[in-house]
Amino acid sequence: MRQLVAACLIAMQPLASFAATPRTAVLEVRNMDCAVCPITVRKALEQVPGVDSAKVDLQRKTATVRFDADKTSAAALVKATSDAGYPSTVRK
C-alpha cells in the first residue's frame, strides 16, 4: 500500500507545475457613485477569463480581484473596468 501511495505522489509531482498561479489585485475604481455601479464593475471583472472572484466596495471605490495569473493580468482587469465606463488603476 505504501508503495502505491508513493508511486501516485511521484507520478503527480509533474502536474504541480500546471497548477494555477493565484494572485490578488486591488483596483482603485473611478466614476462609481451609485448602488448599481459596483454591480456593473463586478460583472465586467467576472467576464475576464481567469478571474476567480471580484468584490467591489462602493465607499472605498475599490475592487479586490482574485485571478489566475497564468490566464490574465492586472492590465486586463483595468481594461475590463475601463471598457465598462469605470477607469481604474492598480493600487500599489
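The values are calculated or read from the model by the stated rules, or taken from the named source; none is laboratory data. Bear in mind the structure is a predicted one, so any value in this text is a computation, not a measurement. Glycine also receives a Cβ, built like all others from the backbone with ideal geometry; neighbour counts cover every protein chain displayed.
Is it the case, given these coordinates, that residue 58 is surrounded by 14 or more Cβ atoms within 10 Å (Cβ to Cβ), closer than 15 Å to residue 91 by Cβ and aliphatic (A, V, I, L, M)? Outline the logic, then answer.
Values: surrounded by 14 or more Cβ atoms within 10 Å (Cβ to Cβ): yes; closer than 15 Å to residue 91 by Cβ: no; aliphatic (A, V, I, L, M): yes.
Taking the combined requirement at face value, the residue does not satisfy it.
A quick yes/no check of all residues on (1) part of a helix (DSSP H, G or I); (2) at pLDDT 95 or above; (3) of a type in the set (D, E, K, R):
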{"position": "52", "(1), (2), (3)": "no, yes, yes"}
{"position": "56", "(1), (2), (3)": "no, yes, no"}
{"position": "64", "(1), (2), (3)": "no, yes, no"}
{"position": "67", "(1), (2), (3)": "no, yes, no"}
{"position": "72", "(1), (2), (3)": "no, yes, no"}
{"position": "76", "(1), (2), (3)": "yes, yes, no"}
{"position": "81", "(1), (2), (3)": "yes, yes, no"}
{"position": "86", "(1), (2), (3)": "no, yes, no"}
{"position": "92", "(1), (2), (3)": "no, no, yes"}
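Could you say which residue among 41, 29, 51 is within 11 Å of the chain's Cα centre (by Cα) and surrounded by 14 or more Cβ atoms within 10 Å (Cβ to Cβ)? So that I can check it myself, show each step before the final result.
Numbers: 41 fails: within 11 Å of the chain's Cα centre (by Cα); 29 fails: within 11 Å of the chain's Cα centre (by Cα).
51 is the lone residue from the list that is within 11 Å of the chain's Cα centre (by Cα) and surrounded by 14 or more Cβ atoms within 10 Å (Cβ to Cβ).
Of everything in segment 31-48, what is under 16 Å from residue 75 (Cβ atoms), in contact with a Phe, Trp or Tyr (Cβ under 9 Å, 6 or more places away or on another chain) and either at pLDDT below 95 or not hydrophobic (A, V, I, L, M, F, W, C) (or both)? Give them in sequence order.
First, pick out the residues of segment 31-48 that are under 16 Å from residue 75 (Cβ atoms): 44-45, 47-48.
Next, from what is left, pick out any that are in contact with a Phe, Trp or Tyr (Cβ under 9 Å, 6 or more places away or on another chain): 44-45, 48.
Once the filter is applied, which keeps residues that are under 16 Å from residue 75 (Cβ atoms), in contact with a Phe, Trp or Tyr (Cβ under 9 Å, 6 or more places away or on another chain) and either at pLDDT below 95 or not hydrophobic (A, V, I, L, M, F, W, C) (or both), segment 31-48 yields nothing.
Mind counting the residues in segment 61-76 that are surrounded by fewer than 17 Cβ atoms within 10 Å (Cβ to Cβ) and among the aliphatic types (A, V, I, L, M)? Walk me through it before giving the result.
Taking segment 61-76 first, the residues surrounded by fewer than 17 Cβ atoms within 10 Å (Cβ to Cβ) are 64, 66, 68-71, 73, 75-76.
Filter once more, keeping what is among the aliphatic types (A, V, I, L, M): 69, 75-76.
The total comes to 3.
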